[in-house]
Structure formats: C-alpha cells, structure tokens
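Below is one structure, written out as structure tokens; comments come after it.
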Amino acid sequence: MATSNFYKKNADKYYVVMPSEEEARIEDINWWNDKIKEIQDRFSDNRFSDGFIEYNKWISRDTRMIGRVEVKLHYLNTDFYLYVDILLRSGYYEGANLDYDWKWYILNDYFDIDNLTELDGYELVKEYEDWLIDYNWDVFNMGIWAMHKERLAKKLDNLLYNTTKDIEETFKEISIPMDVVARFSNGETWYAKSE
C-alpha cells in the first residue's frame, strides 16, 4: 500500500524542500540544518524582520517548528496578537514541505486569553464578543458595538490573510511549490510543479 509523501494543513500548495540526489545519497544531516538556517534567515531578513522569532524544535514525530511570525493589532483598548508558527513537515518517503499553523492571543487589563487556534477574525470576535463588550461597556452602547464588531472582525481577518499571504510568498522564494496531479485509491499521490 502506498501513501502520500507530503502533508499540509493550511498552506495553499505543497512547498517542497528536497536535497539534491547527491546530498540524499550521502544522507547529509548538515544539509537539513543548513536549509533550516537558510529559511530562518529569509524570514528574518524579509517581510518579517521585526516580528520573526527563530525556533528549532520538534513538535511531533514528523514536524519541526522552525520559527514564529508575530503581529499585533491594537483595537478597543485591547491587544490582539497573531502568532503564526512556521513548520517543516517531513515527507513520508523523502524531502519535506513547509506549512504553518496560527493562534491568537488577546490581552487587556481585564482578561488574558491565549492559545486560540485556527479561528479566523470573524470567529474570534463571535467567540469572545461577551468579553469584549464587558471590558468596553463604559465606552459604547450596543449600537456602537455593532459597528465596532464588524470593523474589528474585518481588521483581524485582514491581518490573518495578509500575514499568511506574505508567509506563502516567502515559501515560494525558498522552496518548490507543487500541486497534487493524481491521487489513487491506495493512497499513492503524484505531484507536479505549480505554474
């Protein structure tokens, strides 16, 4: 039985990182460490110079977190932090691919909520609307909140979209973007370079 070589959760494409045949033949472990450093340097030097933190830790058997992009939005006396973890997922047979996960962190004088995973801006506002209303009750009434609610959700959603778009643009610069061209009932998957 066969299986897919690559796994992605959030990226639009499979951003593949592969050693050359020569490097693969000699199983050069330094190649991977050098590649991780190259990826980290690209994020540090690129669009994320102020908000990139280097990591190099295994978070599961086949996934290594190699960095985190942090961005912040201040709105309604509250700080909304978006943390996007840059992941390198080992291929089942060979190579690896880049992916990302994100989570939110909300902080103000009244509450501190963290580890809010995989929510878009609208879901985040809907989920924590009561907290935000309670904290800002003296600033505005429900009519004003209706306006701010939509504006805040849109700002958070745009922050997530623009950050992940920039991350994928950086992925394109340091990897080979690929798409699935065939997937068979036994799990075998064929990939081709994206156009």
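Which one of these does residue 29 not meet: (1) at pLDDT 85 or above; (2) hydrophobic (A, V, I, L, M, F, W, C); (3) over 23 Å from the mean Cα position of the chain (by Cα)?
Residue 29 satisfies every listed condition except (1).
Restrict the check to the range 167-189 and report whether at least one residue is of a type outside the set (A, V, I, L, M), closer than 30 Å to residue 18 by Cβ, touching a strand residue (DSSP E or B) at 6+ places or on another chain (Cβ under 6 Å) and at pLDDT below 90.
no
Please verify whether residue 67 is free of Cβ contacts under 8 Å to residues at least 40 places away in the same chain and buried (at least 20 other Cβ atoms within 10 Å of the Cβ), treating the condition exactly as stated. I'd like the intermediate steps shown before the answer.
Numbers: free of Cβ contacts under 8 Å to residues at least 40 places away in the same chain: yes; buried (at least 20 other Cβ atoms within 10 Å of the Cβ): yes.
Judged against the criteria, residue 67 is a match.
Using the structure shown, decide if residue 96 is more than 21 Å from residue 10 (Cβ to Cβ) and not basic (Lys, Arg). Please lay out each step first, then the result.
Details: more than 21 Å from residue 10 (Cβ to Cβ): no; not basic (Lys, Arg): yes.
Taking the combined requirement at face value, the residue does not satisfy it.
Suppose we filter the range 3-20 for residues that are out of contact with any Leu (no Cβ under 6 Å at 6 or more places or on another chain) and not in a loop (DSSP other than H, G, I, E, B); how many remain? Reasoning before the result, please.
Of the residues in the range 3-20, the ones out of contact with any Leu (no Cβ under 6 Å at 6 or more places or on another chain) are 3-14, 16-20.
Filter once more, keeping what is not in a loop (DSSP other than H, G, I, E, B): 14, 16-17.
The number of residues fulfilling the criteria is 3.
Sort out which residues of the range 39-86 are of a type in the set (Lys, Arg) and in a strand (DSSP E or B), and write them in order of number.
The first filter runs over the range 39-86 and keeps only residues of a type in the set (Lys, Arg), leaving 42, 47, 57, 61, 64, 68, 72.
Answer for the range 39-86, where residues must be of a type in the set (Lys, Arg) and in a strand (DSSP E or B): 57, 64, 68, 72.
Do any residues in the range 86-104 that are closer than 15 Å to residue 38 by Cα have Cβ atoms under 8 Å from those of residues that are in a loop (DSSP other than H, G, I, E, B) and among the small types (Gly, Ala, Ser), where the two are at least six apart or on different chains, and which pairs are they?
Within 8 Å, the pairs are 97/11; 97/91; 97/175; 98/11; 98/175.
Quick check, is residue 78 under 15 Å from the mean Cα position of the chain (by Cα) and either loosely packed, with under 14 Cβ neighbours inside 10 Å or β-branched (Val, Ile, Thr) (or both)?
Numbers: under 15 Å from the mean Cα position of the chain (by Cα): no; either loosely packed, with under 14 Cβ neighbours inside 10 Å or β-branched (Val, Ile, Thr) (or both): yes.
Considered against the rule, which asks whether it is under 15 Å from the mean Cα position of the chain (by Cα) and either loosely packed, with under 14 Cβ neighbours inside 10 Å or β-branched (Val, Ile, Thr) (or both), residue 78 comes out as no.
Give 119, 156, 124 a once-over and let me know the one that is out of contact with any Cys (no Cβ under 8 Å at 6 or more places or on another chain), closer than 30 Å to residue 44 by Cβ, hydrophobic (A, V, I, L, M, F, W, C) and free of Cβ contacts under 8 Å to residues at least 24 places away in the same chain. Break it down into steps so the answer makes sense when it comes.
Working: 156 fails: free of Cβ contacts under 8 Å to residues at least 24 places away in the same chain; 124 fails: free of Cβ contacts under 8 Å to residues at least 24 places away in the same chain.
Just a single option satisfies the conditions, and that option is 119.
Do you know which residues across the range 125-156 are within 26 Å of residue 59 (Cβ to Cβ) and modelled with pLDDT of 90 or more?
To start, the set of residues in the range 125-156 that are within 26 Å of residue 59 (Cβ to Cβ) comprises 127-128, 156.
If the condition is that a residue be within 26 Å of residue 59 (Cβ to Cβ) and modelled with pLDDT of 90 or more, then 156 is the only one that fits.
Which members of the range 1-26 meet the condition of being at pLDDT below 75 and surrounded by 14 or more Cβ atoms within 10 Å (Cβ to Cβ)? Give the steps one after another, and end with the answer.
At the first step, the residues of the range 1-26 found to be at pLDDT below 75 are 1-2, 20-26.
If the condition is that a residue be at pLDDT below 75 and surrounded by 14 or more Cβ atoms within 10 Å (Cβ to Cβ), then 23 is the only one that fits.
The values are calculated or read from the model by the stated rules, or taken from the named source; none is laboratory data. Computed from a predicted structure; not experimentally measured. With ideal geometry, Cβ positions are generated from the backbone for all residues, glycine too; neighbour counts draw on all protein chains shown.
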